[in-house]
Structures are given as structure tokens and as C-alpha cells.
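Asks: Quick one: the structure is below, questions incoming.
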Amino acid sequence: MSKLVIVAIGGNSLVKDSGSESIHSQQEAVAQTVEHIADMIQEGYKVVVTHGNGPQVGFTLQRSEIANEISGMPAVPLVNCVADTQGGIGYLIQQALINELAKRQINKKVVSVITQVEINENDPNFVNPTKPVGSFFTKEQADAMLVEHPDWKMIEDSGRGYRRVVPSPLPIDIVEKDAIKSLIDNDYVVIAVGGGGIPVIRKENNIYEGVDAVIDKDFATSLLAAQVNADSLIITTGVPRVFINFGKPEQQALEEITIEETKKHVLDNQFPPGSMLPKIEASLSFLENGGHRVIITNPESLKEAINNQAGTHIIN
């Protein structure tokens, strides 16, 4: 029986710099990334792909604000921006993966599932927003944005600049999980929980309602991986391995570590809150809910990582 792997692609990996924000540039980045996903499919793995949408949500919000200011078009709520980018990025990945598999003469079907993710309406993150979205700004640009939008909150993001932050509640259920399971069982490559999923709350009588927030892609991916009983979770990032003492003379790459060792590094503040820490916390959640292993690596190392030749492997 083929092993099931969930692969999370970061939204920032599709927008590599300020000159790569166009759809054409993102399409090229996606085409490069899916080559490595296709390598795993070619080796016989069942694959589910998830993706981030931080920069793309920011672009969509900005377009909405400009259209509202210039022509009076109704503003697009954040939850709809999440849904729009989930569909748009899902389309790019789906088409690129279909084309890559066709080149390799691999007979696999690919489908994107517009995915709602349930959250708790009393989640404390609504009071203290923490999720970065949109582009990076200099300090001067960030100060100017806050004058223009006094209700926004901006934070410095791991030395890369300033970004807007919005509420990021924890996911508690994948609404379409049964449909995703059925597609996996029928040998589809599935793209799901894009951008962390569309955040919804469940009211009485199982009525769902969208909420203006952005769910962390890695936490939603971890929950999906647990709910579909995946063997492995792979979280891609900008580095081939996770480091401790990053940027210091004693910097060390981590190859294979246990849950206990990982938790110790968390307590030692080895992982920046705005970048690596959510990936580590999502990894631990998956392993503590029945997962076998988590791999953190960059997209180009996926094939080697799945064969234990690259990446940081976190195990029970």
C-alpha cells in the first residue's frame, strides 16, 4: 500500500522577491516546485499538497482597497480574499502538476478542494493578531501604512522587514476532510487547505459562517495530516535543514531529532516566532496525534528528504 505524504508549500516560496509578484512569475515558481512533488509521486507515494498565501492575500487586499478608494467598488472581506487566493493558487499548482505528470507519462488525476476550516470564535488571537500577511515594508513604509490604516497592526518579521498582522485562530476541524479522504482513496493527488483554509465558525444546527482571519498554513496542514491518517508531513521552507544557534559561530544543522529534543530547543528559544516556530509547533502536533515523522526542508530537496538523505526529520 502506498504511503500518504502531506506536503506544505509556503506562500513566500511562490513570491521569491519584490520583482516576482506577477502571476506569471508565481506560475514559473510553481512549475519548478511541482517537479520535486512529481518526483515523490513517481516513487509511488500518495501525495496531498497544501500551500500558504500570505503575500497573495496581501496583494488581494491591496487591490480591493485601491478599487474601493478610486472607483467606489465594494471592499472584499479578508475571508473572501483567503477563498480567492486558495482558488487561484490551487489552480496554478493543479495545472502545473497535471502538466508535469503528463510529461512523465504518469497517469494520475489532480484536483483542488476549496477547503473550509473550523475555528473557535473565542480564540484569543482575535484580541492579539499575530499572522503576517502581505508584502514586507521598511520601517518608514510601515509607519506610513499605520497612519493611513490606524486599525492595522505591523510587526518586524525575523529581520526581513515589517508586515501587517491579522488574527490567526487555531484550526479545530477540516470541514471537507471526508471528501479529501475519498479523493485520496480514489488515487487523486489532492490540493487542499490552501492558505490554511477558509476560516469558519459553526453555529447552531451545523450552520457555517466565514470569519475575517487567516489560519496558519502549517497548523491547518498538521490537522489535515492527522485527520486523513498521513504517514508523513513535509513542511517546506527556505532552508534545507532546521538550525539551532542560527547565524552564530556555533550554528548547527539538525538532521534527526526526537519530540523531546525538539521541545527542549523550543524552550531554549531556538526558533523565531515569526518563521520557524509555527512549523515546529505544527510538527509536534502532528506527531502527538499519531503521525510517524515530519520533514522540514526546502522544495528542491524533497526527493532526497523523503529518502532520508536531506532535511530535518522529527520522529517519535
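The values are calculated or read from the model by the stated rules, or taken from the named source; none is laboratory data. The structure presented is a predicted model; accordingly, all values stated were derived computationally and were not measured. All Cβ positions, glycine included, derive from the backbone under ideal geometry; neighbour counts span all protein chains shown. Accessible surface areas use protein heavy atoms only, side chains included; no ligands, DNA or RNA. Shrake-Rupley method; radii C 1.70, N 1.55, O 1.52, S 1.80 Å.
Asks: On the given criteria, is residue 111 under 25 Å from residue 88 (Cα atoms) and not assigned by the TED database to the domain that holds residue 228?
Replies: The answer is no for residue 111.
Asks: Let me ask you something else. All but one of (1) open to solvent by 80 Å² or more (accessible area, probe 1.4 Å); (2) closer than 30 Å to residue 2 by Cβ hold for residue 231, so report the exception by its number.
Replies: (1)
Asks: Sort out which residues of the range 68-95 are hydrophobic (A, V, I, L, M, F, W, C), part of a helix (DSSP H, G or I) and closer than 22 Å to residue 163 by Cβ, and write them in order of number.
Replies: Those that are hydrophobic (A, V, I, L, M, F, W, C), part of a helix (DSSP H, G or I) and closer than 22 Å to residue 163 by Cβ: 78, 79, 81, 82, 83, 89.
Asks: Can you confirm whether residue 113 is under 18 Å from the mean Cα position of the chain (by Cα) and touching a residue at least 12 places away in the same chain (Cβ under 8 Å)?
Replies: Here the answer is yes, as residue 113 does meet what is asked.
Asks: Could you tell me how many of the residues in the range 61-81 are surrounded by fewer than 11 Cβ atoms within 10 Å (Cβ to Cβ) and within 20 Å of the chain's Cα centre (by Cα)? Explain how you work it out, then say what you get.
Replies: First, pick out the residues of the range 61-81 that are surrounded by fewer than 11 Cβ atoms within 10 Å (Cβ to Cβ): 69-72, 74.
Next, only the ones that are within 20 Å of the chain's Cα centre (by Cα) stay: none.
Going through the range 61-81 one residue at a time, the tally reaches 0.
Asks: Just one of 287, 254, 233 is within 13 Å of the chain's Cα centre (by Cα) and among the aliphatic types (A, V, I, L, M); which is it?
Replies: 233
Asks: For residue 109, all conditions in the list (1) farther than 26 Å from residue 283 by Cα; (2) surrounded by 14 or more Cβ atoms within 10 Å (Cβ to Cβ) hold save one; what is the number of the exception?
Replies: Of the numbered conditions (1) farther than 26 Å from residue 283 by Cα; (2) surrounded by 14 or more Cβ atoms within 10 Å (Cβ to Cβ), the odd one out for residue 109 is (2).
Asks: When the residues of the range 112-139 are narrowed to those that are of a type in the set (Ser, Thr, Tyr) and modelled with pLDDT of 95 or more, which ends up least open to solvent (accessible area, probe 1.4 Å)?
Replies: Residue satisfying both the conditions and the ranking: 115.
Asks: Here is a follow-up. What is the one condition in (1) over 15 Å from residue 214 (Cα atoms); (2) crowded, with 21+ Cβ neighbours inside 10 Å; (3) of a type in the set (Gly, Ala, Ser) that residue 168 does not satisfy?
Replies: Every listed condition holds for residue 168 apart from (1).
Asks: Let me ask something else about it. Scan the range 172-186 and report the pairs whose first residue is within 26 Å of residue 122 (Cα to Cα) and open to solvent by 50 Å² or more (accessible area, probe 1.4 Å) and whose second residue is of a type outside the set (Val, Ile, Thr) and not in a helix (DSSP H, G or I), with Cβ atoms within less than 8 Å and a gap of 6+ or a chain change.
Replies: The qualifying pairs are 172/118; 172/120.
Asks: If residue 306 satisfies all but one of (1) closer than 27 Å to residue 30 by Cβ; (2) open to solvent by 50 Å² or more (accessible area, probe 1.4 Å); (3) at pLDDT below 95, what's the number of the condition it fails?
Replies: For residue 306, the exception is condition (2).
Asks: Same structure again: Considering only the range 131-156, state which residues are more than 15 Å from residue 57 (Cβ to Cβ) and polar (S, T, N, Q).
Replies: Across the range 131-156, the qualifying residues are 138, 141.
Asks: Now for a separate question. Taking the residues in the range 234-276 that are over 26 Å from residue 50 (Cα atoms) and either among the basic types (Lys, Arg) or touching a Pro at 6+ places or on another chain (Cβ under 7 Å) (or both) as candidates, determine which candidate is surrounded by the most Cβ atoms within 10 Å (Cβ to Cβ).
Replies: 264
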